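The structure appears below as structure tokens.
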Amino acid sequence: MTKKSTKTRILSVAVGLSLVSLAATACGTLGGAAVGAGAGAAVGAGTGYGAGKGALIGTGVGAAAGAIYDITKH
């Protein structure tokens, strides 16, 4: 094994562990964004504003609410 391949393996493990920890800590944010997108699309379609625009607004609001929930509950 060369020095370069060893460094690559160590870096790959570090990046992988970082992504796993990020996914675990951002669970509420991702969940909030998903729920917000669905709710926003439904409200946007129901009011005639447009499902796409409603989903975008709902995603932002849901992600912010999920992040706040994660910060206060963890």
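For segment 64-70, backbone phi angles converted through the Karplus equation (6.51, -1.76, 1.60; θ = phi - 60°) give residue-by-residue couplings of 5, 5, x, 5, 5, 4, 4 Hz, Gly and Pro being listed as x. Peptides 63-72, 42-51 ranked from most to least packed, by the mean per-residue count of other Cβ atoms within 10 Å: 63-72, 42-51.
Between Ala42 and Leu30, the contour length at 0.36 nm per residue exceeds the alpha carbon distance by 2.5 nm. Rounded to the nearest 0.05, the FRET efficiency derived from the C-beta distance between Val15 and Lys73 at R0 = 35 Å is 0.80.
Read-outs: derived from the displayed coordinates by stated rules, not from any lab. All figures in this text were calculated on a predicted structure; none of them were measured in a lab. With ideal geometry, Cβ positions are generated from the backbone for all residues, glycine too; neighbour counts draw on all protein chains shown.
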